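Written below as structure tokens is the structure these notes are about.
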């Protein structure tokens with residue numbers, strides 16, 4: 001945690017200002033700046049009303065906000081805790097601008113937390129809107145409820161996604177948001193037809209089925225082959241192909257419907273075993289459940305293509321056996337694979 005003196009010195013260095021030039025701009029003596037930097041002088045109490053003009057001069061010279069300077073001075077002189085660094089500073093700035101009502105209490109609460117629950121809820125909503133419109137715009141995503149929730153968690157915990165892709169998508173779109181602290185819920189209001197359509201579709205997708213019954217269908221999210229491989233993105237069809245739900249396979253408990261996804265075999269590379277169009281039901285994040293002889297979907301880090309093969313475990317290595325004699329077996333370590341998931345059922 002930087003002291004006021006270290007903060008000022010660092011800003012001066014960034015701006016290329018000497019101690020003499022800084023002293024002239026701040027209207028103090030070079031000796032005072034030198035004593036401030038060496039710790040012989042305390043920083044000026046810039047938070048006091050009588051020092052308002054002085055605060056403005058320091059802010060302009062160092063090219064930083066007045067509030068940042070006051071926070072650092074109050075921390076050093078009066079032991080007031082510093083505001084934490086926001087987890088998503090650029091997104092926070094936008095969200096504070098888009099609050100439906102300027103609620104000073106909520107604004108202060110947000111600024112004194114790394115990530116306020118209100119921010120987290122709004123980012124969740126915006127992430128779902130982004131994922132839905134990205135699916136619609138590029139034809140590359142097909143979400144079922146459990147998958148949408150999983151992708152939302154993965155996306156909104158990714159700093160680069162929130163601060164770049166999500167912010168870039170939403171910054172020019174009209175929206176405001178409100179926060180209900182008692183219900184711990186955020187709501188987005190927008191005049192944008194694109195945003196309203198996405199919110200309605202996501203709400204419908206995530207709503208409970210009539211009568212409280214769980215859905216017993218599974219989303220088809222891609223194609224796979226045994227031989228040459230297929231450009232399979234976790235959660236998406238190839239461009240131009242639509243989303244489809246299929247019934248749960250016989251013998252698999254309905255409670256797993258929210259976890260499984262399905263891929264369709266493409267081509268004749270598995271014709272002796274599976275015909276073109278055979279459905280493989282896959283359990284995500286099942287790497288540690290895989291046993292000798294299991295059928296698996298995998299992607300290696302080199303080609304990025306997905307394949308289906310049978311496993312044979314050999315110590316630290318896996319032999320990925322092709323069911324078609326025209327294709328060679330592969331020997332790999334689990335760590336070499338970016339995707340390795342167990343096929344729990346096959347429907348021809």
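When the criteria are applied in full, residue 146 fails the requirement of being under 25 Å from residue 90 (Cα atoms), part of a helix (DSSP H, G or I) and either modelled with pLDDT under 90 or under 14 Å from the mean Cα position of the chain (by Cα) (or both). Based on this model, can you work out whether residue 64 counts as in contact (Cβ under 8 Å) with a residue 40 or more places away in the chain, in contact with a helix residue (DSSP H, G or I) (Cβ under 7 Å, 6 or more places away or on another chain) and either closer than 27 Å to residue 164 by Cα or part of a loop (DSSP other than H, G, I, E, B) (or both)? Yes; evaluated as a whole, the condition is true for this residue. Checked across region 163-171, the condition of being modelled with pLDDT of 80 or more and not in a helix (DSSP H, G or I) holds for at least one residue.
Comparison of 128, 90 shows that the only residue that is at pLDDT below 90 and within 30 Å of residue 201 (Cβ to Cβ) is 128.
All conditions but one from (1) at pLDDT 80 or above; (2) over 15 Å from residue 123 (Cα atoms) apply to residue 176; the one that does not is (2). Taken together, the residues in region 269-293 that are at pLDDT below 70 and either part of a strand (DSSP E or B) or under 15 Å from residue 307 (Cβ atoms) (or both) amount to 4. Among the residues making up region 95-112, those that are exposed (fewer than 15 other Cβ atoms within 10 Å of the Cβ) and either outside any loop (DSSP other than H, G, I, E, B) or assigned by TED's automatic domain parsing to the domain that holds residue 178 (or both) are 96, 97, 104, 105, 107, 108.
The values are calculated or read from the model by the stated rules, or taken from the named source; none is laboratory data. Owing to the predicted nature of the structure, the values given are computational and were not obtained by experimental measurement. Note: ideal-geometry Cβ built from the backbone for every residue, glycine included; neighbour counts use all protein chains shown.
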